[in-house]
Amino acid sequence: MIQLYNVTKKYSSDSVAVKDLTLQIDKGDFVYITGASGAGKTTFLRMLYAAEKPTRGQILVDRKNITRIRGNQIPYLRRKIGVVFQDFKLLQSRTVYENVAFALEAQGKKRYEVSKKVYQALKEVGLEHRLQRKPLELSGGEQQRIAIARALVVDPLILLADEPSGNLDLGVTLEIMELFKRANARGTTVLLATHDHSLNQRFPRRIITLDKGKLVGDQRPLPG
Amino acid sequence: MLENIRYFILRALRNMRQWPFLCSAAILTMAVALATVATFFLVVINVEQLAQRWTEEIQVIAYLRKPVPQRDLAGIIETLKNYPEIAEVHYVSQQDAMARFRTRLADDASLLDSMDADVLPASFELGIRPSFRNQEGIDRIIERLENTLELDDLRYGQKWLERFNSFVNMLRFVGLVLGSFLLLAALFIVSNTIKLTLYARRDELEIMALVGATMRFIKVPFLLEGAIQGFLGGLISLLFLMLSFNLLISRSLTSFWLTPGDFQLLFLTLNQQLGLVFSGVVLGVLGSLSSLRRFVRI
């Protein structure tokens, strides 16, 4: 599903965010991207949804080389990818319903289709009773669940999450992990950038470790 | 398609409702700029119309040193009429001139009682064909007259009219420069106003790009917003012009002494009115386009 070949990303000559990264992530994988702050986790994810272009190397997403992607093709790449952020990135002036519907409207989906899917997605994250609330009226955990509903409502092939539980307590983090696991079980490839090692202990999955932009570890959980 | 259009219009209207101050600022700026340009246009077309009327009334009056003997008169008139520049010829004898003078003096006509008719010179009043109503034409007529008649003096309003025409040209030039300047300023302000609203909505733009909205999907509502604002600006400027034209200018100006009795001030024709509103729309769209190009990137 995702292949990287000798990918390097430099912001300036002496600032290398990702260095010579080669790896493959299969369809349906669940992968933790770990590493200290500044290890290059966010840059790695941003390159996958074409928010950054690699300085060198090739990236394939769903068998398409996105290093040479044209600007007008980027939206179609992003429709296959759901992204969840640490700071949620919700529109505070819109209701919960509108925030989730936004992703479908942006793709030009029909109105009846939008309302049905939004309700399903919000039900999935347990917020179907908060449709008309504004994000700020809700807790951090609930806001992150809205963001996840927005990412999942479009049935993405890939779900990217950048420190999704960074601001949340353990109980909420576990709820969110449960949502990711369910999405993964339905076939979505999940990449979760985190520096919280405890997550892997609770939900053992493949771990890719970066340090100063370099791949320093790629562990798969022991079978059984 | 219809669904999309409905969505775009709704979003444009919601954006405008969300930022009423910025939105009204953009509309009013465009209205002021358009009204100023249109006012200049009106002034120019009306002054031109006035100049046209005066040109029509222009004639050359040739005062003669000696009155023409009756037997030669028909021949001279015929000669003058044969000149291609001259449309009509009217001979004013000394008696006719005195009679006119009397009429003009009205109640004071008795002052002339002790005067002979021959104090006033006889003259030819010459109407000029339209294509010769310019300095060149007048010069040729003068040359011909000097060859044909014994002239005492020549009168024509041409010099004055030419000066007036160059004033009209200057007015047109100033209007054009000032108008373009104002339109540019309006474009700049509209573009900046929209940039401000884009800045205020940068989160929304970022999220839109993130969830796979195409550039068209992101931009169209903003262009539509610019178009709606421009349309309203154009409409306001038109209403303002109509009101001020009907209430103030046309009433006070038609009684102005410079204008001939049946002179009607011109207002914008229906096409020009539509053009004004349409210019507003173009202004709004261009304003949004220029700021969007710099602001929205995927």
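The values are calculated or read from the model by the stated rules, or taken from the named source; none is laboratory data. All values reported here derive from a predicted model rather than from experimental measurement. All Cβ positions, even for glycine, are placed from backbone atoms using ideal geometry, and neighbour counts span all protein chains on display. Note: accessible area is taken over every heavy atom of the protein model, side chains too, but ligands, DNA and RNA are not part of it. Shrake-Rupley method; radii C 1.70, N 1.55, O 1.52, S 1.80 Å.
Here are some notes:
- Residues of the stretch A:58-109 that turn out to be small (G, A, S) and in contact with a strand residue (DSSP E or B) (Cβ under 6 Å, 6 or more places away or on another chain), as a count: 1
- Residue match in the stretch B:94-102 (condition: in a strand (DSSP E or B), surrounded by 12 or more Cβ atoms within 10 Å (Cβ to Cβ) and among the acidic types (D, E)): no
- Residues of the stretch B:58-91 that are over 19 Å from B:P121 (Cα atoms), under 34 Å from the mean Cα position of the chain (by Cα) and without any contact (Cβ under 8 Å) to a residue 40 or more places away in the chain: B:E88 alone.
- The residues in the stretch B:131-154 that are among the polar types (S, T, N, Q), assigned to a helix (DSSP H, G or I) and more than 16 Å from B:I61 (Cβ to Cβ) can be counted, and the count is 3.
- One residue stands out in the stretch B:185-207 among those that are within 13 Å of another protein chain (Cβ to nearest Cβ) and of a type in the set (A, V, I, L, M, F, W, C): the one that is nearest to B:K219 (Cα to Cα), namely B:L205.
- Close pairs (6 angstrom Cβ cut-off, 6 or more residues apart or separate chains): over 14 Å from B:G284 (Cβ atoms) in the stretch B:24-48, surrounded by 23 or more Cβ atoms within 10 Å (Cβ to Cβ) and among the small types (G, A, S) anywhere: B:A35/B:S237
- When residues of the stretch A:88-101 are limited to those that are crowded, with 22+ Cβ neighbours inside 10 Å and at the interface with another protein chain (Cβ under 9 Å from one of its Cβ atoms), the one farthest from A:L160 (Cα to Cα): A:N99
- Checked against (1) within 14 Å of another protein chain (Cβ to nearest Cβ); (2) at pLDDT 90 or above, A:K110 meets all criteria but (2).
- A residue that is open to solvent by 60 Å² or more (accessible area, probe 1.4 Å) and within 30 Å of B:F217 (Cα to Cα) can be found somewhere in the stretch B:23-34.
- Filtered residues of the stretch B:106-147 (kept if over 28 Å from B:R163 (Cα atoms) and open to solvent by less than 50 Å² (accessible area, probe 1.4 Å)): B:A109, B:L112, B:A117, B:L120, B:P121, B:A122
- Residues located in the stretch B:224-243, provided they are open to solvent by less than 40 Å² (accessible area, probe 1.4 Å) and either aliphatic (A, V, I, L, M) or under 26 Å from A:V154 (Cβ atoms) (or both): B:A227, B:L238, B:L241
- Among the conditions (1) open to solvent by less than 30 Å² (accessible area, probe 1.4 Å); (2) touching a residue at least 60 places away in the same chain (Cβ under 8 Å), A:G166 misses just one, which is (1).
- Residue in the stretch A:105-121 that is in a helix (DSSP H, G or I), closer than 30 Å to A:K10 by Cβ and open to solvent by less than 10 Å² (accessible area, probe 1.4 Å) present: no
- Test: residue in the stretch B:55-63 that is open to solvent by less than 70 Å² (accessible area, probe 1.4 Å) and either assigned to a helix (DSSP H, G or I) or among the basic types (K, R) (or both): yes
- Looking at B:I45, B:I5, B:I77, just one residue is within 14 Å of another protein chain (Cβ to nearest Cβ) and among the hydrophobic types (A, V, I, L, M, F, W, C), and that residue is B:I5.
- Search result, residues across the stretch B:60-72 that are aliphatic (A, V, I, L, M), modelled with pLDDT of 85 or more and out of contact with any Pro (no Cβ under 7 Å at 6 or more places or on another chain): B:I61, B:A62
- The set of residues in the stretch A:13-58 that are within 14 Å of another protein chain (Cβ to nearest Cβ) and either among the aliphatic types (A, V, I, L, M) or in a loop (DSSP other than H, G, I, E, B) (or both) comprises A:L45, A:L48, A:Y49, A:A50, A:A51, A:E52, A:K53.
- Residues of the stretch A:67-87 that turn out to be without any contact (Cβ under 8 Å) to a residue 24 or more places away in the chain, more than 8 Å from chain B (Cβ to nearest Cβ) and under 29 Å from A:R145 (Cα atoms), as a count: 1
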